[in-house]
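Okay, so here's the structure we're looking at.
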Amino acid sequence: QVQLVESGGGLVQPGGSLRLSCAASRSIFSITYMGWYRQAPGKERELVATITSSGSSNYADSVKGRFTISRDNAKNTVFLQMNSLKSEDTAVYYCHAHGGLAFSNWGQGTQVTVSS
């Protein structure tokens, strides 16, 4: 089990950038993979990006080329760099720790609003 706290959300204009952070309560090195999800108003929660302990990443088609997921194991933190933001990126973004059958933990979420 691990506690996760997201930060870095806010209001940004289209084309702008934000970096989200997910701080974990313990080492994330042994966690199978970390992920970012988002939920927009009136829509279901969707996968944005994942990263394994070895650094392999995967992205939703809607964010490929614009978002980058990374991790700093020494700081127990996962990041999501978001560039070229669009209005459709507006959502609450959630950090997720995937521990196989052992656990599945979510952060509280951070709001990202892209609007002119």
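What do you reckon, is Ser70 open to solvent by 30 Å² or more (accessible area, probe 1.4 Å), within 18 Å of Thr32 (Cβ to Cβ), part of a strand (DSSP E or B) and without any contact (Cβ under 8 Å) to a residue 40 or more places away in the chain?
Values: open to solvent by 30 Å² or more (accessible area, probe 1.4 Å): yes; within 18 Å of Thr32 (Cβ to Cβ): yes; part of a strand (DSSP E or B): yes; without any contact (Cβ under 8 Å) to a residue 40 or more places away in the chain: yes.
Yes; evaluated as a whole, the condition is true for this residue.
Any residue in the stretch 16-38 that is in a loop (DSSP other than H, G, I, E, B) sitting within a Cβ distance under 7 Å of a residue that is open to solvent by 80 Å² or more (accessible area, probe 1.4 Å)? List the pairs, counting only those 6 or more apart or interchain.
Ser25/Gln3
Give me a count of the residues in the stretch 77-116 that are within 14 Å of the chain's Cα centre (by Cα) and not aliphatic (A, V, I, L, M). Steps first, answer last, please.
Restricting attention to the stretch 77-116, the residues satisfying the condition of being within 14 Å of the chain's Cα centre (by Cα) are 77-83, 89-98, 105-112.
Of the ones still in play, those that are also not aliphatic (A, V, I, L, M) are 77, 79, 81, 83, 89-90, 93-96, 98, 105-111.
Matching residues across the stretch 77-116 total 18.
Suppose we filter the stretch 41-59 for residues that are under 14 Å from the mean Cα position of the chain (by Cα), surrounded by fewer than 19 Cβ atoms within 10 Å (Cβ to Cβ) and within 17 Å of Val112 (Cα to Cα); how many remain?
So the first thing to find is which residues in the stretch 41-59 are under 14 Å from the mean Cα position of the chain (by Cα), and the list is 45-52, 57-59.
Restricting the remaining residues to those that are surrounded by fewer than 19 Cβ atoms within 10 Å (Cβ to Cβ) gives 45-47, 52, 57-59.
Among the residues that remain, those that are also within 17 Å of Val112 (Cα to Cα) are: 45-47.
Matching residues across the stretch 41-59 total 3.
The values are calculated or read from the model by the stated rules, or taken from the named source; none is laboratory data. What you are looking at is a predicted structure, and each value in this text was computed from that prediction instead of being measured. Here Cβ is always computed from backbone atoms with ideal geometry, including for glycine, and neighbour counts include all displayed protein chains. Just the protein is used for accessible areas: all its heavy atoms, side chains included, with ligands, DNA and RNA removed. Shrake-Rupley method; radii C 1.70, N 1.55, O 1.52, S 1.80 Å.
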